[in-house]
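Comments concern the structure below.
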Amino acid sequence: MAGKNERQRRQARERYRRQQEQRVARQRQVRKRWVTGIGAVAAAGLIAALLVLFLPSGSGKNASASASKSPTASASASASSSAATVAEPAHHCTYTKATPVSKDVGFPPSAPDYTASYQATIKTNLGPITVNLINDKATCTVNSFVHLAEAGFFNNTQCHRLVTSNGVYVLQCGDAYATSTTKIDCSNTSTIGTGTPGYEFASENLTNATYPAGTVAMANGGTATTNGSQFFIVYKDSTSGLNGSSGPSYTPFATVSSGLDIVQNVAKDGYACQYVVSGQSEGGAPKKKVIIESVTIKKT
């Protein structure tokens, strides 16, 4: 009996250890893809973190938009801009498998149309937001965004994270876990803000990148190879907040040509609730719900 009891105690300890590891892993995943102003956050004495723009947005899929994958909602510590420099426009794109998959629509083509010009119209419940995609400087990012849009990945999803302080002024979208009917109460961050499209890819267009109002950029998971589907729209200049000591970390891939006032009005209404990770505020769910009904692409 003593031997049996000892085995049971060991099994109980092992179960407890696994549960603790899973809990820590979930907390790290929550931090994934959250875009956070690195310099400003550090100055405020807070943890430097992303989302996975949410990113994010926020991703640090293995260690951390979202909150980001990451706003990012989630993301991990600051994304590095150390990805190998690729001559743009890129003639070949590499996408690698990633998890968790919030919606599977397959991989983008590896051969992008690097000579094309693209315009995207993000149709929301509050009105259309039109953006011009920067295909000559962020070719593989644009190639991915076009693929996701045309596959309906963004359809009936909601922008899950708003950031309004510490030099970061962004609305983060692009996680298919946040469906149009999902009630985001800021406690369900074990999934919201962690989602990927099933693949990830490297950052682009970081040299001397800035983030003025109207910039559309990728949330990532804490490293320069963890971009996925989550992105953020800058509604007020955030260059100082998003550029950390290592420089720009989030790929700018589009600029808003119309509809920025929609995002600015959402920001004015503030949060419905705030995300709190490890005791720190990571923005919040916007009080005024923003639902992406569809994203259409115009190619010229």
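A few points about this structure:
- Taken over region 271-300, residues that are closer than 13 Å to Thr130 by Cβ, open to solvent by 70 Å² or more (accessible area, probe 1.4 Å) and among the β-branched types (Val, Ile, Thr) amount to 1.
- Flag if Gly152 is out of contact with any strand residue (DSSP E or B) (no Cβ under 7 Å at 6 or more places or on another chain) and either open to solvent by less than 10 Å² (accessible area, probe 1.4 Å) or not basic (Lys, Arg) (or both): yes
- Criterion (open to solvent by less than 50 Å² (accessible area, probe 1.4 Å), at pLDDT 95 or above and not aliphatic (A, V, I, L, M)) met by exactly one of Cys159, Cys186: Cys159
- Considering (1) touching a Ser or Thr at 6+ places or on another chain (Cβ under 9 Å); (2) of a type outside the set (D, E, K, R); (3) assigned to a loop (DSSP other than H, G, I, E, B), the lone condition that Tyr169 does not fulfil carries the number (3).
- The set of residues from region 118-149 being in a loop (DSSP other than H, G, I, E, B) and basic (Lys, Arg) comprises just one member, Lys137.
- Of all residues in region 75-98, those being within 20 Å of Gly193 (Cα to Cα) and either charged (D, E, K, R) or modelled with pLDDT under 95 (or both) number 7.
- Taken over region 241-270, the residue count meeting the criterion of being at pLDDT below 95 and surrounded by 16 or more Cβ atoms within 10 Å (Cβ to Cβ) is 6.
- Test: residue in region 169-185 that is farther than 20 Å from Asn125 by Cβ and not aromatic (Phe, Trp, Tyr): no
- Long-range neighbours under 8 Å by Cβ, at least six apart or interchain, first residue over 19 Å from Ser294 (Cβ atoms) within region 117-143, second modelled with pLDDT of 95 or more and β-branched (Val, Ile, Thr): Ile134/Val142; Ile134/Thr255; Asn135/Val142; Ala138/Thr251; Cys140/Thr94; Thr141/Thr251
Conditions (1) farther than 17 Å from Gln230 by Cα; (2) of a type in the set (Lys, Arg); (3) under 17 Å from the mean Cα position of the chain (by Cα), marked per residue:
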position: Ala116; (1), (2), (3): yes, no, no
position: Gln119; (1), (2), (3): yes, no, no
position: Leu126; (1), (2), (3): yes, no, no
position: Val131; (1), (2), (3): no, no, no
position: Asn135; (1), (2), (3): yes, no, no
position: Cys140; (1), (2), (3): no, no, yes
position: Val146; (1), (2), (3): no, no, yes
position: Ala149; (1), (2), (3): no, no, yes
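- Taking region 172-183 as the range and being under 26 Å from Gly214 (Cα atoms) and assigned to a loop (DSSP other than H, G, I, E, B) as the test, the residues that pass are Gly174, Asp175, Ala176, Tyr177, Ala178, Ser180.
- Of all residues in region 123-137 being surrounded by 24 or more Cβ atoms within 10 Å (Cβ to Cβ) and in contact with a helix residue (DSSP H, G or I) (Cβ under 9 Å, 6 or more places away or on another chain), the one that is nearest to Phe201 (Cα to Cα): Asn135
The values are calculated or read from the model by the stated rules, or taken from the named source; none is laboratory data. Please read these numbers as outputs of a predicted model, since none were measured by experiment. Glycine also receives a Cβ, built like all others from the backbone with ideal geometry; neighbour counts cover every protein chain displayed. Accessible surface is based on the protein model in full, side chains and every heavy atom, while ligands, DNA and RNA are left aside. Shrake-Rupley method; radii C 1.70, N 1.55, O 1.52, S 1.80 Å.
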